[in-house]
Ligand code: DGY
C-alpha cells in the first residue's frame, strides 16, 4: 500500500469510529464500544493531523467526565452497549462521593497521557493561536488531575504513584502481574465474557484472569473507591514504570505549555518540584542493574518485579534515564527484543517462558508502545534503532491491517494482526509516524 493510501485508510477508520453526537471515538467496534482514557489521547494526536476540531472534541469529551476530585476515569460510558463486560452497572462509579454526576464511568484510571497529548496536538496543528486558546481552557483540569495523583496515590510521598488494578496499567494481562495473582485467591465469579465473542479466546485473557480483575474491583467498591483504603487493602498495589513515565512526560509538557501561556508561576514551580522528586526516585527505585532497564515495583510486597517488558523502555520517552543508562537500555532492547527474526518491539520478554506471541499484552507488538519507543529513542539520538521501530510499525500495518496488536515473529507471514481490527490508536499513531 502506498503512503497516501495508508493515510487515507487511517483517516477513514478514525472518522468511522468517531461518534458525532457525543464527540468521542471508540477504540474499535464491538470489542470496545465506549471512550477509553489513554486511547482518547492517542486518537486526538491522529485527528490533529487533519481535523483539529475532532481532536479538541475528543479531549473535551474525556474531561467532561472528570470527577470532582480531579480523577479522570479509564472508561467513560457515554452510551449504552451490551457488547462489553464489565459495564457501568458492575463498576458503579457513583459509590465514590466525588464521582462525575453527569457521566457513568469506571472507578479506575489509565496512564495519564493528556498532558503530553495537549503539547503534541499543539505542535501538530497549523493554527497555533486557536489551539493555545483551547489549551488555556483545559490545562488546569489536567494539572488538577496530576495533583490528585500526588495527593492520593503516593502514600510514601516519594513522587511515584501507584496503580491498584492491572487495567490501570494499560498492559492488562501482562505476565508481570502473574506474580501478584499468585498472592490472591479470588472466588470463581459467574459472568458472561463479551470480548471473546468478538475476538479469538486464544488472543484474550483467560476466565481465571478475569476473576482476579473483578475481585480487585470488588475490593475497591467495598470501600467506595477510596484511595486511602485501597492503598491499605488492595493486594494489587504497583508502581508501574510506564504509568509513572507518562505522568512525568505529561508534567514536562504542562511546564512547557504554562510557560507559553504565561502568568502561571505557582503551577510551574509545583510541577518542577514534582518532577525533581519523581525522576530521582524513579531512577533509584525502578531501575534494575541486572536486567539493564526499568521494572515494576510491587508496593504491597515491597519488591521489584524482575521482568522485562515494553514498559521497561517507556522512560526513554520521558527523558528519565541518564545517558549511561540509556546506552545500557538500548543494548538490552537489541539483545532481548531485537533479533533479526523479530519485528520490534514485543510487549514482553521473548526469551521468557511466560511469553505468548498472540495473547494481548503477553507478547504481541502494540503501535502505541512502539510510538513511544520511537520518540524515546530519538530523544537520546539513537536514530537507527528508532527508525527500525518506525519502519517495523508501518510494515506490520501495511501487511496485516490496522489491528490492535501484532505478532513479533517474522516467521509468521499470514494473519499476524490480532485482537480488534480497524483499531483507532493504530490508525492515529500511524498517521503521526508517517508525517515526515
Ligand atoms: C479490556 O476490556 O480488555 C480493556 O482493555 C480494559 O481496559
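The values are calculated or read from the model by the stated rules, or taken from the named source; none is laboratory data. On a predicted model such as this, the values are computed, not experimentally measured, just so you know. Glycine also receives a Cβ, built like all others from the backbone with ideal geometry; neighbour counts cover every protein chain displayed.
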query: Can you name the number of the only condition in (1) assigned to a helix (DSSP H, G or I); (2) under 15 Å from residue 163 (Cβ atoms); (3) away from the ligand (no atom under 16 Å from the Cβ) that residue 235 fails?
result: (1)
- line: Quick count over the range 39-55, residues being surrounded by fewer than 23 Cβ atoms within 10 Å (Cβ to Cβ) and more than 12 Å from residue 427 (Cα to Cα), is 5
field: Total residues in the range 175-201, condition assigned to a loop (DSSP other than H, G, I, E, B) and closer than 23 Å to residue 233 by Cβ
entry: 9
task: Search the range 24-39 for residues that are within 21 Å of residue 197 (Cβ to Cβ) and part of a helix (DSSP H, G or I) and pair each with any residue that is near the ligand (Cβ under 9 Å from one of its atoms) and modelled with pLDDT of 95 or more when their beta-carbon atoms are under 8 Å apart and the residues are at least 6 apart or on different chains.
output: 39/27; 39/32
message: As an exercise: evaluate residue 224 against (1) part of a helix (DSSP H, G or I); (2) touching a residue at least 40 places away in the same chain (Cβ under 8 Å); (3) surrounded by 13 or more Cβ atoms within 10 Å (Cβ to Cβ); (4) more than 16 Å from the ligand (Cβ to nearest atom) and give the number of the one condition it does not meet.
response: (1)
Single unsatisfied condition, residue 240 versus (1) farther than 26 Å from residue 408 by Cβ; (2) surrounded by 19 or more Cβ atoms within 10 Å (Cβ to Cβ); (3) within 16 Å of the ligand (Cβ to nearest atom): (1)
- prompt: What about residue 183, is it within 16 Å of the ligand (Cβ to nearest atom), surrounded by fewer than 20 Cβ atoms within 10 Å (Cβ to Cβ) and at pLDDT 95 or above?
  reply: no
query: Considering the range 67-85 alone, what residues qualify as being crowded, with 22+ Cβ neighbours inside 10 Å and more than 28 Å from residue 205 (Cα to Cα)?
result: 67
Matching entry among 99, 44 (being farther than 25 Å from residue 227 by Cβ and more than 16 Å from the ligand (Cβ to nearest atom)): 44
field: Subset of the range 138-155 (residues that are assigned to a loop (DSSP other than H, G, I, E, B), more than 18 Å from the chain's Cα centre (by Cα) and touching a residue at least 12 places away in the same chain (Cβ under 8 Å))
entry: 155
statement: All-but-one check, residue 85 against (1) under 27 Å from residue 29 (Cα atoms); (2) more than 16 Å from the ligand (Cβ to nearest atom); (3) in contact (Cβ under 8 Å) with a residue 12 or more places away in the chain; (4) part of a loop (DSSP other than H, G, I, E, B), failing number (2)
field: Subset of the range 96-120 [in a loop (DSSP other than H, G, I, E, B) and closer than 21 Å to residue 43 by Cα]
entry: 103, 106, 108, 109, 110, 111, 112, 113
